[in-house]
Structures are given as structure tokens and as C-alpha cells.
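Written out below as C-alpha cells is the structure these notes cover.
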């Protein structure tokens, strides 16, 4: 609607204020050809939101309506009719023939492209002949952005019944520029009431379309334009108005086609913004870079390019552009294109998520790393003692005895005591209370600070919880304490990759130690995992063809590697092996079902999931208190099968019926709330977990920020992200989200700092995006 945002008036560039000269001088003056320049006061096409602002819509103010009344051809002499009923003040005037000659000359100049000189003539006719002047004087004043003065001129024109409808239209635009919304509506109503007076004009349909457009009747305006008779003087204006209306209706492709028919104006800026809104960012940037030649709109264009760069991962460029703009005008970015941080619909919108899901989504590189952490064994000093203590079926599959126990431990009772404490913590982890296990391992590590195994196990629980910064610290400590603990070194490489930490020297060191240790078990698998972190998937083939190991981690990695290199038969075979070894393991079953995903038969797929996951012996406790990858993968499986709300109801019932591990169930419910759009409930639960259950790990704080954004609590989101960033300062998701939120609340300097720190990369946020505020 017109009252939702200000209209803009795009006019011919004015010469200096001494450019008005007597008519006689204009008549004899040489007529140089001057290139028309389009001046955009501001362009309100919204890149990702509505397109507003009518650049060129009121181009009618530059051509005297009187010249076209009863006149569809340029070679007819226009007739000037005096005002009808209002008595005029007697002033000096030129003869009618003289005025006719000058107006014909202005027409000729205009048609030949010499619009500056034509405009001067129109202005001087207005100044020297007040009987004809109020309308034309208003035009001149609008050219100079003197909207208050122009409004007064158009008021007089309306009083004198000078082109009442068109004068009222121009008065309405002046009112809109002055932010006088009620006055704007008043003059639009006048224009509409007196429109019949223009019925003989060849531009009647165009005026009618403009009035309907301003009144918000976009379909009606569009129909009028589609059926309007051709008028060569106004085809560009009509196409521009069509483009505006089509953009309001989100028919961006048609709007772009209409703009491409406009050949008299520079439309690079609106074209760029429309292409950006359509997601064609590279095409958009080409148009916007061309639009930079218009210095008057340079900051607006730079801001548009900066916002596109935020979409395409060129964060440093976006930050530098915002910095340049902000140094000139601290309120420009927030006032011109205010943004709103939002959750990524590809992740959280059910329909989009279902339609966009494929195996690449499930087997994202971070998910693969988390699966490796899940299937990795815990290390113990005495496997027999640990198994005797835990007494749980399948425990041996997740244990790896260290044969290189510290001599001091061997020579004392410390070995047995340390191993017993370690066994207790591992039992808690395998009983799906990973947070408690992590806490116990942290305490044990404080007692025995210099033992590689303890740091490895602590790191493994951090990795399974999704806290990769802390995980890296303890993996690297474990490896430095015992360079023969090769898996610690490999996982230190993996976690350093996940947190974007430089690791070239570490990679070289781990590879060298592996090559020197001829007795190292699983050496080839370790090399393959390292190659995966380097993006060399081809190296997986040789390992996969020669691997004969039967431990859980090898088989799981074989299943993943088979998928990555297109060996689906091998992948399926390995997955079946896992299922035989761990028939009730929820992640193994998720892997099995994901490999069978068929987008074309989603209903049968959903039935199979419901039967196999809701009606068997799968341990739901692993969903509540187990590794982060279980919750993430199971939620994705429920999302693509349309069963999220079914599972959410089951979790709420469990929460009502149990007092054990209450916070783990709450955490799972909050996570599912994010994907069922119950953001306020998720926000409340995360607040409770953080404040009352001291659940202040980086992942929980981060998810609390996600809930805060979904529930429209940006200040809370900023607070949680800042806390999360203290624990995990390298998280790109947190840095990006903070940048968006700072920009949303108007703290542009803080946003710039976040964007520049991200650099120009291929990072694409899984969780966040932004929209422009209408």
C-alpha cells in the first residue's frame, strides 16, 4: 500500500539554480544534445522483501499534460486551454502563438533526447505565464526536491482547476515525500474524483492505473495497463509501473521482463534487487555493480551488494562495505534496509525440509564426523575389569584396552583405582547419560592430569555432546601425552577441522608417527580419515577395498565411505553388519533407514519408520541422554517422514511420567520444539535448563539462541550466543548469528566485527538466514 512506504520521484538532473533564462534567449540558444541522467532519490525495491518506491512513476510531471490533451501524435500543434472558472491575477504574458511555438520547441527537444533544455522551457513558461503556471511550477519544484513548495503550487493548480486530477496526483506524491500520509490519501481521492476530466486524454488509462496503484488496487492497475492503448511517450513509464506492481505481487520474473523493456532509464538497480530477491545473486551483483556509476545511489547500491555477500559467504567484503557506509552515515544501513535474523527454512520448515532432503543432507561432513565419534571406542586400562564391572551385553564392542599403561600405574594400586573410576564413568555414558559421564570424566582427569587415556575419553564425550572446541583441547592433550595413541591424534585433526583451526603441522606429525609405527592397528583407516578431512574422498576407495577389520568403528566408517564414493552395495553391506552387531542401536537403525530413503514414496517410507521406530525395542533413552548425533539424525528422520508431532507427544508423556533424567527429556523436547515451530516453548525450556539445571555447555547455549530467534527474542539470543562464543569462540554459526542480530538491533559496528572475522569463505549457515523488514 502507498502508506506503507514513501514514494520516490525520479527526475531529470537539474542544472545550477541560475539556469532559468528568458524565453527569447532559449529560442535563439544553440541546442546541444545532453544525455539524460536518471537521479534516484532512493530506490525502494527490496532485495528479498517487497519492492517499493516508484522510480519514474511520476514521469508524467515532466511532460505537460496539456500538450497531449486531444492529441495522440507529436506532429500536431498542442492546444492550451485557459483555466475555466477561477479568476486569475493579471500578469504579463506572452502571446498564445509565442507560447505554442516555445512548447512545440520543448516537445521537439524532449523527443530528440535533449530533456534538460526542454525542462528549462517548461519552467520558464510556468514562471512567465501564471495562467498556465501553477502546475508547471510544481513540476519544476519537484525536480529540485522542493516538495513543500511544489505541494503549494499543485494546491493552487487544483484551486484554479488546472489539470485537476494530474495536479492532485503530483500533490499526493509531494505529501508522501513529506510523510503526510493522510494528506497523501486526500489528494489521491481528489485525483480519483476528477479523473473523468481526463477522459479525452490519450493518457487517461495511465492516470487511472497510477491512482489504482496508489490506492493499493494492484490487480486492477495491472489490468488497466495491460489494456491501455499504446502511447509512445509513456511506454517506458507504463512498463516501469507494471514492473512495480508485478514485484508487489511477487511475480518477479514478469517484473524483470517488464523492466527489460524500459530503455529510457537506468534500471540496473531495480533489476539487481529483483534478481537478488529471486536468489540469482551473481546476476544481481552484475546489475548492481553497473548501478554503482550513479553516485547519488552509491551507498544504497553498496548496501544491497553487502547484503547479497552475506547470502553468498563473502562476509569480509560485506563487512568492509558496511564499514564504509557506516563511517559516512551511522543510521543508513539500519534505516534503508533493516534486516531481521531468521531461522533457515531449509532446516526448520517441514515442507521445504522434506522437499530438499537427500542423502547428502544426512551425510553432511559434520554429521559424518559425529558418527565417527559415536562409534569410536572408549579406552580403558583393564578391559576385563571394566567388563566385569559394567556387565552389559555388547560392551566389548565399545572398549579398547590400552596395552601401554603408564609404568607408574602398573607399579601401584593406582591402575586399578583409576580404571575402576573410569569404568564407572563409561558405564554411565553407555547407559545414555552422557552429560553425567562427561562430568565424572572431567573430575577423574583432574585427579590424574597426565594420562592420555583419560583425556581421550573426556574428549570423546565432549565430541559426542557437540562441544568440539573442548573436545579438541583434550584430544590434542591426549595425543601429546602419548603419540602412540593414534586415534587421539586423528580425532584432534578432525575436531580442529570442525572448529576451523590451523592443523597442517598436526596432520604432518600424526601421519609421520603412523608411518613409523609399523605395529599400529587400523593404521590404514586412520590415514583414510585424515584424507577425508583434507577433502580427498578418492583415497577412501583403496582403504575400503582392502579393509578386513571387524571392529565397530571400521565397519561404520566403511558404510559411510561406501556412500561417499558411490559404492552403495558396499555401504549397504557394512550397514547390515552393524545392524547384526547392534540390532537395537538407534543410530545404526537410522543409518539403515536413511539409506533406503525414497522421496517418491514418502508415505510408505513414513509407515516403515513408524513401525520400526515406534513399535520395537529401540532404546529411547539414547534419544534423551545419548550423543548429539542421535537426536539430530532421529529428528531429521521424523521430519522427512512427517512424524515429528507424534514423537513430540510421546516425549511430553514421558516427561509427565518420569522423574529420572528429567533434564535430558526436557532437552530433547526443546530440540523437537524447534522443528515443530513451538519456539516459545523451546525458549522457555532452554531458559529453565540453563538457569536451573546448569546446562551451560556451548551447544545448549547455542540452541537456546536458536529458540530465542524463533520466538522473536533477539536480545536474549545475543546474550546466549555471547556466552556460547566464550566457550566455543571459533563457531562460525555463532559468529554469523551474532552479526545478523547486531545488525538487526542497529549495532552496525559490532555486526561488522563479526562479519570481518568470518572472512570470505564457503561457509553456509545451517541454522540462520535473514530477511529484510518490510
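The values are calculated or read from the model by the stated rules, or taken from the named source; none is laboratory data. Not measured: the values here are computed from a predicted model. Please note: Cβ atoms are built from the backbone with ideal geometry, for glycine as well, and neighbour counts cover all protein chains shown.
Somewhere in the range 541-548, is a residue under 12 Å from residue 487 (Cα atoms) and in contact (Cβ under 8 Å) with a residue 12 or more places away in the chain? No, the range 541-548 contains no residue that is under 12 Å from residue 487 (Cα atoms) and in contact (Cβ under 8 Å) with a residue 12 or more places away in the chain.
All conditions but one from (1) at pLDDT 95 or above; (2) over 19 Å from residue 471 (Cβ atoms); (3) in contact with a helix residue (DSSP H, G or I) (Cβ under 6 Å, 6 or more places away or on another chain) apply to residue 552; the one that does not is (1). Screening residue 389 with (1) assigned by TED's automatic domain parsing to the domain that holds residue 427; (2) at pLDDT 60 or above gives one miss only, at (2). Just one of (1) within 35 Å of the chain's Cα centre (by Cα); (2) farther than 28 Å from residue 703 by Cα; (3) buried (at least 22 other Cβ atoms within 10 Å of the Cβ) fails for residue 475. It is (2).
For the residues 555, 565, 530, 560, the requirement of being touching a residue at least 12 places away in the same chain (Cβ under 8 Å) and surrounded by fewer than 19 Cβ atoms within 10 Å (Cβ to Cβ) singles out 565.
With respect to (1) more than 45 Å from the chain's Cα centre (by Cα); (2) more than 19 Å from residue 234 (Cα to Cα); (3) part of a helix (DSSP H, G or I), the lone exception for residue 122 is condition (2).
Checking each residue in the range 148-165 for being without any contact (Cβ under 8 Å) to a residue 24 or more places away in the chain and surrounded by fewer than 20 Cβ atoms within 10 Å (Cβ to Cβ) picks out 149, 152, 155, 156. Take the range 701-722 and flag every residue that is assigned to a helix (DSSP H, G or I) and surrounded by fewer than 18 Cβ atoms within 10 Å (Cβ to Cβ). The answer is 715, 719, 722. Quick check on residue 330: is it out of contact with any helix residue (DSSP H, G or I) (no Cβ under 9 Å at 6 or more places or on another chain) and surrounded by fewer than 21 Cβ atoms within 10 Å (Cβ to Cβ)? For residue 330, the condition - out of contact with any helix residue (DSSP H, G or I) (no Cβ under 9 Å at 6 or more places or on another chain) and surrounded by fewer than 21 Cβ atoms within 10 Å (Cβ to Cβ) - is not met. Residues that are surrounded by fewer than 22 Cβ atoms within 10 Å (Cβ to Cβ) and either more than 21 Å from residue 580 (Cα to Cα) or out of contact with any helix residue (DSSP H, G or I) (no Cβ under 8 Å at 6 or more places or on another chain) (or both) within the range 622-640 comprise 628, 631, 632, 635, 636, 639, listed in sequence order.
For the range 332-345, a residue qualifies if it is in contact (Cβ under 8 Å) with a residue 12 or more places away in the chain and more than 16 Å from the chain's Cα centre (by Cα), and the qualifying residues are 332, 333, 334, 336. Return only the number of the condition from (1) at pLDDT 95 or above; (2) assigned to a loop (DSSP other than H, G, I, E, B) that residue 730 does not satisfy. Looking at each condition in turn, residue 730 falls short on (1).
Just one residue in the set 373, 381, 348, 363 is buried (at least 20 other Cβ atoms within 10 Å of the Cβ) and either at pLDDT below 90 or over 40 Å from the mean Cα position of the chain (by Cα) (or both); that residue is 381.
In this structure, is residue 168 surrounded by 23 or more Cβ atoms within 10 Å (Cβ to Cβ) and touching a helix residue (DSSP H, G or I) at 6+ places or on another chain (Cβ under 8 Å)? So residue 168 passes the test. Annotation note: of 601, 542, the sole residue that is surrounded by fewer than 22 Cβ atoms within 10 Å (Cβ to Cβ) and over 23 Å from residue 354 (Cα atoms) is 542.
Residues of the range 681-698 that are part of a helix (DSSP H, G or I), in contact (Cβ under 8 Å) with a residue 24 or more places away in the chain and farther than 13 Å from residue 670 by Cα: 698 alone.
Rundown of residues vs (1) modelled with pLDDT of 90 or more; (2) within 29 Å of residue 699 (Cα to Cα), yes/no style:
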| residue | (1), (2) |
| --- | --- |
| 400 | no, yes |
| 406 | no, no |
| 429 | yes, yes |
| 433 | yes, yes |
| 451 | no, yes |
| 466 | yes, yes |
